[in-house]
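One structure is given below, encoded as structure tokens.
Nothing in this text is a laboratory measurement; each read-out follows from the coordinates by a stated rule. Quick caveat: nothing in here was measured; it's all calculated off a predicted structure. When we count neighbours, we look across all protein chains shown, and the Cβ atoms used for this are built from the backbone with ideal geometry, even at glycine.
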Amino acid sequence: MSPRDVLRVGAVGLRTRPMRAFLSALGIAIGIAAMVAVVGISSSSRADLDRTLAALGTNLLTVAPGSTLTGEEAQLPLGAEAMVDRIAPVTSVSAVGLIDDAKVYRNDRIPEAETGGIAAYAARTSLRDAVGAELAHGSWLTEATGRFPTTVLGAAAAERLGIGRTGAQVYIGGKWFTVIGILKPAPLAPDLDTAALVGWPAAQSELAFDGHATTIFTRSAETAVEDVRSVLGPTANPEAPNEVEVSRPSDALAAQQAAGEAFTGLLLGLGAVALLVGGVGVANTMVISVLERRAEIGLRRSLGATRGQIRTQFLAESLLLSALGGAGGAFIGTLVTFGYAFTQEWPTIVPPWAVLGGIGATLAIGALAGLYPAVRASRLSPTEALAAT
């Protein structure tokens, strides 16, 4: 038979039993849709991370105090910022300093223990540019406003305090501070999300801040990031470089993505199980089809159809059934990816290999599922098939 005849004859069973064919193809479609959607959503998430890192930069390094040999919390020298700024490839330096005794409250009537996990930090005016943070409302600290009792709240801090606008006042360290700005979430500096940021001079005059930075943020030339990273510790604290921790925030985001990929692998496994179940459904459908169509098989054999042609007919029917399920599943999975990526404001990425691989997997499963029924149909003798009707 020509390929066209094979397709025409193979589609007979699907046309005569459309509901059974639909339900069998649905099992395949669910498995393929799950696999394509998982891969697509994972790829879209990864693309969003790459876009974020490209916008924020991967050349941000942070310096923070570690622990002393006795296990106590170390402290960066007062001149650490200036010393780090002398490193040739470093293009910018900024810092924050945790104000330990300054608790943050919505007003002076809140119980002392209910801090909401919000910390007060002294902040340099260059901090926002260094970490790539963006303002949601208001303005950032300047040389002028940083000398007065004003504050900029992180995204989570503003939410916990119930503040959605500038001009409100919060109670920090026993004194009132006016909110002049609210930040958007800062992916490369998540600690700022739960912070109330105060100008460095105001922190020293109003909140008795000791002037020691607790985190120094540096930007370096992209080609020299690793070299700068290797000398940051000894430069920030020459007397005790082992008491300095140097990190790269973008590595934390990459690690988070790696954890997401492990979860993606689990979901792909579940999709493969669904695909296998769909294959069993196709095999079951084809076995029943052979039993129900013995008269047709006997008639075709008596008219001269060979065993190979009968085998080809039922194998083609199985492949068509699987192909319909695979194509439908690929379409549904792509649609789910587009919908989810749209709601998350991600770029939509559906790898072609996922779609083509999914359809290829359905054809392989269809061939395996239809092989036994096809062989069984071809072995029926014309007299036996006709006598059974």
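Some points to look at:
- Burial order of peptide ranges 363-371, 44-52, 314-322 (average beta-carbon count within 10 Å, highest first): 314-322, 363-371, 44-52
- Three-way shape label, the stretch 154-235, alpha-carbon gyration tensor, a/c 1.5: oblate
- The stretch 87-203 - charge dipole about Cα centre, Lys and Arg +1 at Cβ, Asp and Glu -1, debye rounded to 20: 260
- On full extension, the segment bounded by Ala64 and Ala224 gains 55.6 nm, given 0.36 nm per residue less the C-alpha separation.
- In a fully extended conformation the segment linking Glu114 and Arg307 would gain 61.3 nm over its present Cα-Cα distance, using 0.36 nm per residue.
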